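The structure under discussion appears below in the form of structure tokens.
The values are calculated or read from the model by the stated rules, or taken from the named source; none is laboratory data. Every value quoted in this text rests on a predicted model; they were computed, and no experiment measured them. Glycine gets a Cβ as well: all are built from the backbone with ideal geometry, and neighbour counts include every protein chain shown. What goes into the accessible areas is simple: the full protein's heavy atoms, side chains included, and nothing from ligands, DNA or RNA. Shrake-Rupley method; radii C 1.70, N 1.55, O 1.52, S 1.80 Å.
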Amino acid sequence: MKKLNVENPFFEFMGSIGDVMLVNLLFLYFSIPVLTIGASYAAMYETFRELREGKTVFRSFFTAFKGTLRNSVPVWLFLLLTGSVLVFDITFLVRVGSQGFWSVVGMVTGCLLLLWGMVFCYAFPVVVSREKTSEMHLKRVLARALYLAIRNLPYTLVMVLLNSIPAACMVLGDVFVGMIVPIYIIVGFGATGYLNHLLLDRCRED
């Protein structure tokens, strides 16, 4: 009977896996309009935080999504636009080659892309943490995200690597893309968000 107790570590672990999978499905569903991807990210981080307080996945996700939608859309659109430009630049530089002037441009673009990835790690957690305050201007969110990214650089770099897995697989080819697509449909985004959430808990915010 002790082995069948719901407080058994095995059942707790399986319950956590189930929560991550459910959050993953909610994230994908609410990201379908594309414009709402930022709110889905914010809701995912808030849901993982509230699960530790004993709240339910559905209620936490819906409430956080609705509460952060207006503030997260401008942040997401800015990141989407700037990220698209940087990826286009990298693609162009790969085609023209990296010699002379273009090598310098490539290094600068690569650094900007890394900086973009660092800001992305913190932008939506910042939106969630400031949703009930007046400090929700785009510039303030980005400035706060950049400050936290630099202040917690070791954790930031780990999160950048986690978030970059899909992009890396796309670069490696169709075989790797075919391998990760089912994983990310079932649990990938939720698992990445959960790991990022654990790392964010260790970050200093003062």
V128 meets each of (1) modelled with pLDDT under 95; (2) aliphatic (A, V, I, L, M); (3) open to solvent by 40 Å² or more (accessible area, probe 1.4 Å) with one exception, condition (3)
Of the conditions (1) closer than 23 Å to S164 by Cβ; (2) modelled with pLDDT under 90; (3) surrounded by fewer than 13 Cβ atoms within 10 Å (Cβ to Cβ), G97 clears all except one; give me its number. (1)
Just checking, does the stretch 42-54 include any residue being more than 14 Å from the chain's Cα centre (by Cα), open to solvent by less than 20 Å² (accessible area, probe 1.4 Å) and hydroxyl-bearing (S, T, Y)? no
Restricting attention to the stretch 156-174, which residues are farther than 14 Å from T192 by Cβ and at pLDDT below 95? M170, V171, L172, G173, D174
Single residue of the stretch 18-32 satisfying the filter (under 16 Å from the mean Cα position of the chain (by Cα) and over 18 Å from S72 (Cβ atoms)) that is least open to solvent (accessible area, probe 1.4 Å): N24
If we ask which residues in the stretch 168-198 are open to solvent by less than 30 Å² (accessible area, probe 1.4 Å) and under 23 Å from Y45 (Cα atoms), their number turns out to be 8
